[in-house]
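The values are calculated or read from the model by the stated rules, or taken from the named source; none is laboratory data. A quick note: this is a predicted structure, and the numbers were derived from the prediction, not measured. Don't worry about glycine lacking a Cβ; one is built from the backbone with ideal geometry, like all the others, and counts go over all protein chains shown. Only protein heavy atoms, including side chains, enter the accessible area calculation; ligands, DNA and RNA are left aside. Shrake-Rupley method; radii C 1.70, N 1.55, O 1.52, S 1.80 Å.
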Amino acid sequence: ATANQDLDVVVIGAGPGGYVAAIKAAQLGLKTACIDKRGPPGGTCLNVGCIPSKALLNNSHIYHTIKEDTKNRGIEVSDAKINFGQFMKSKEDAVNGLTGGVRMLFKKNKVDYYEGSGSFVNENTIEVDMNDGSDKVTLNAKNVIIATGSEPTTFPGIEIDEERIVTSTGILSLKEIPKSLTIIGGGIIGLEMGSVWARLGTKVTVVEFMPSIGGAGMDAELSKTALKILKKQGMNFQLQTKVMGAKRDGDIVKIDVEDAKGNKSELESEVLLVAVGRRPYTEGLGLDKVGIETDKKGRVVMDSEYRTKYPHVRVIGDVTFGPMLAHKAEDEGIAAAEYIKNGYGHVNYNVIPSVMYTHPEFAWVGQNEQELKDAGIKYNVGKFSFAANSRAKTNLDTEGFVKVLADKETDRILGVHIAGPNAGEMIGEAGLALEYGAAAEDVARTCHAHPTLSEALKEACLAAFDKPINS
Ligand code: FAD
Ligand code: NAI
């Protein structure tokens, strides 16, 4: 092994949690190293998650718009075709540009980046097994941040080959456009990836165990709207249906399903995507060596300051509690670095936005109607449809609505739920309103530019305590 390095902070994992924690720690004047065995930094999000999926979503949306939605706009296109090689390359370019950017940020902030696998030797020593086969590196760490992320949950009895039977990783790198795709799981991954391939002409069937789609947390009205719109876009849904098993048979995959009444049937498609959730990843980290605990779901156990049983070993992101979202991991990375340097840090878990990047987008922040009912909180509902919003009308893109839930007595905004174009951008304003404890009236009395989609949020706020103007 090479000479020991003495460091203030060693971060294991360079995903949105780890790389942000490392940069923040370095900015706070702490001598910091970050380790990732993937090679390129950026974790799941930049390499096989948020970024490549959004590249495919955006380009498939542009293609679909050109094919299906130009005539009424006075644009005549004779022949829109997919050049699949270039289509996938533009996704790779986005990924490489961003992972290269993280490498530059590491250099700029003087974070030592190790491409290799990190594991605990003891609670203050991390050994790095280098990817290039060079000597193992031993890092002595005053503080450790575990940010090892998550991996796709497997399905008992279904063997993944990442070619015909794929996880979210394989579906982002298919070799050709499949004629047919079955998706197990109508959660966010299933609906985003289903949208991509359906737009390119694939026959998509989503098999979902629950009676609704969108996964846990999506407001029921948003979920129903998503189902209606995605069906209209050509996606097929088999709800309340269980997958029992699946096998590859040459170039097709045979999938056994059973509906709520116990009727069994077989589906066939060229590709099967298993998207039934993600689970924390701690393999090879050596947690057992130092006795750091994980719970039944495999999440590394921590306290409210991200500390494991060792106060100097902290844990953030997908590998621990909370929603598995990049921006949640990032904010925890900053808070963890601040705890180390200053002894305090903060993430407001009541204001973490969720976005599903289909078209239209679905975005929400704060509590949904069911959560408010369960908590016995009385609320007003302010709703405004994009069909009455001037910009959405101008853009011929009017599906969806904004729904604002505000406390019946105080008018304080408790939750905002948006189905609509650019909902993911608009939810930022709603998050700021919640963070600062705004009343619906505060937002309604804030001057919004015209014509913009965000006027729909303003009008929904107006509707929550008074009457909207434009509907
Ligand atoms: P990760 O990003 O998983 O990073 C952990 C890193 O640690 C990995 O690179 C891994 O190689 C490394 N590692 C693990 N063990 C070791 C070890 N022992 N030694 C060295 N390195 C190790 N979230 C959003 O907010 N928005 C989205 O649009 C979005 N889209 C997604 C789309 C898909 C298809 C998927 C799969 C996920 C998506 N997510 C999205 C979720 C998001 O990717 C995760 O929430 C986020 O990446 C979690 O960040 P993290 O830093 O906790 O872990
Ligand atoms: P998910 O938890 O969102 O959805 C999984 C779905 O599969 C659920 O609806 C569940 O009922 C269903 N399911 C489970 N077992 C099943 C079975 N046997 N048969 C049929 N259906 C079954 O998980 P998903 O979509 O895999 O995504 C994982 C995580 O990745 C998300 O929870 C999210 O945190 C993150 N992500 C975030 C994105 C974003 O922010 N835009 C995009 C993609 C992923």
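Give the average over all directions of the projected area of the C-alpha convex hull of the range 8-157, one decimal, in nm².
So the Cα hull casts an average projection of 13.6 nm².
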Carbon/sulfur fraction of accessible area - the chain, other protein chains in place, 1.4 Å, %: 50 percent
Highest to lowest packing among 418-428, 297-307, scored as the average C-beta count within 10 Å: 418-428, 297-307
Listed residues VAL137, VAL207, ILE158: farthest to the positive end of the dipole of the range 134-229 (Cβ charges): VAL207
The range 56-95: GluC sites (Glu not before Pro) in DSSP loop, at most 13 other beta carbons within 10 Å: GLU76
Potential extension, TYR349-LYS254 segment - 0.36 nm per residue separation minus Cα distance: 30.0 nm
Net charge dipole size for the chain [Lys, Arg +1 and Asp, Glu -1 on Cβ; Debye, nearest 20]: 560 debye
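State the Kirkwood hydrodynamic radius of the range 129-230 in Å, one decimal place, computed from all pairs of distinct Cα atoms.
After inverting the pairwise mean of 1/r, the radius is 16.7 Å.
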Solvent-accessible surface (1.4 angstrom probe) belonging to HIS450, in square angstrom, nearest 10: 130 Å²
Simple Cβ-charge dipole of the range 345-471, Lys/Arg +1 and Asp/Glu -1, about Cα centre, in debye nearest 20: 240 debye
Inter-centroid distance (Cα atoms) of the range 253-288 relative to the range 11-70, Å: 25 Å
Computed Rg/Rh of the range 291-389, alpha carbon atoms with Kirkwood Rh: 1.09
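Treating the beta-carbon of each Lys and Arg as +1 and of each Asp and Glu as -1, no other charges, what is the dipole magnitude of the range 66-133 about its Cα centre, to the nearest 20 debye?
Rounded to the nearest 20 debye, it is 500 debye.
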Efficiency of FRET between GLU305 and GLN240 - r from beta-carbon atoms, R0 41 angstrom, step 0.05: 0.45
Under 5 Å, built H, 5+ apart or other chain: amide partners of TYR114: CYS34, ILE35, ASP36
Inter-probe distance in nm under a simple model that places probes 7 Å from Cα toward Cβ, at ASN263 and GLU435: 5.0 nm
Kirkwood hydrodynamic radius over Cα pairs of the chain, then Stokes diffusion coefficient at 4 °C and 1.567 mPa s, in µm²/s: 54 µm²/s
Once the Cα gyration tensor of the range 357-471 is diagonalised, semi-axes √(5λ) in Å: 22, 15, 12
Globularity index of the range 188-257, i.e. its alpha-carbon radius of gyration over 2.2 N^0.38 Å: 1.17
Karplus-derived HN-Hα couplings along the range 18-29 (A = 6.51, B = -1.76, C = 1.60, θ = phi - 60°), whole Hz, x at Gly and Pro: x, 5, 5, 4, 5, 5, 4, 4, 5, 4, 7, x
